[in-house]
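The values are calculated or read from the model by the stated rules, or taken from the named source; none is laboratory data. Note that the structure is a prediction, hence the values are computed from the model and not measured. Here the Cβ is made from the backbone with ideal geometry for all residues, glycine too, and neighbour counts use every protein chain on show. Surface areas here come from the heavy atoms of the whole protein model, side chains and all, with no ligands, DNA or RNA. Shrake-Rupley method; radii C 1.70, N 1.55, O 1.52, S 1.80 Å.
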Amino acid sequence: MIHPMPRPVLTYAMGPVLSGFLMAVLAAALMVSLPAQAQDVQIRFGSSLRLEESALEVTADSLEVDQTTGATVFTGNVLAAQGDMRISANLLQLVYEAGATEGSRRIGTLTATGDVAMVTSEEAVEAERAVYSMRAQTLEMTGDVMLVQGPNLLSGERFIADLRNGTGRMTGRVRTIIQFD
């Protein structure tokens, strides 16, 4: 029995080529998808979603800053860009931790909620919530997660990636479409 795939919300944040590609992948999924036999599947995850030390540019409808902790919350039509990575969400919160030098701070965690999409030239992933730990270099995405890597599609309820090692795990009624040459 073929189960319908979640409706993509990535298309508004991507260029026409990636949007067309994603639609073609989803159309193929409806015609030839195979349900995963296991509840849990190991995948190889590239480093393209890894935030680097370069500047993070964020645009949003509003911004709130807690002067005591430095916590920053962007709300409404949030778009964050760093290199070729784009993150879109309804809300983006940056929580800071002590930096390498006394008195300095750096981003400790980045939490995005509501229609979250992370897109690079190599991968696209969407979910309802994403928590990115800068120190641990981990990414946890929950809620109707859909990951597209080239012609392959993987979906589930929870995705955890170790960006240092390039590994990831999808759990929660996993479905996958793997294209063979």
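Observations
- Residue within the stretch 87-102 that is touching a helix residue (DSSP H, G or I) at 6+ places or on another chain (Cβ under 6 Å) and more than 25 Å from I178 (Cβ to Cβ) present: yes
- Restricting the stretch 73-96 to residues that are without any contact (Cβ under 8 Å) to a residue 24 or more places away in the chain and more than 15 Å from V131 (Cβ to Cβ) leaves a set whose member that is most open to solvent (accessible area, probe 1.4 Å) is N77.
- Of all residues making up the stretch 107-123, the number that are in a strand (DSSP E or B) and within 11 Å of the chain's Cα centre (by Cα): 9
- Within the stretch 151-179, considering residues that are over 15 Å from the mean Cα position of the chain (by Cα) and under 23 Å from S121 (Cβ atoms), the one least open to solvent (accessible area, probe 1.4 Å): I177
- For the stretch 148-166, the criterion of being among the aromatic types (F, W, Y) and touching a strand residue (DSSP E or B) at 6+ places or on another chain (Cβ under 6 Å) is met by at least one residue.
- Only listed residue being closer than 21 Å to E57 by Cα, in a strand (DSSP E or B) and among the basic types (K, R), chosen from R158, R169, R129: R129
- Here the stretch 132-146 is the region considered, the condition is being in a strand (DSSP E or B) and touching a residue at least 40 places away in the same chain (Cβ under 8 Å), and the residue that is nearest to T75 (Cα to Cα) is Y132.
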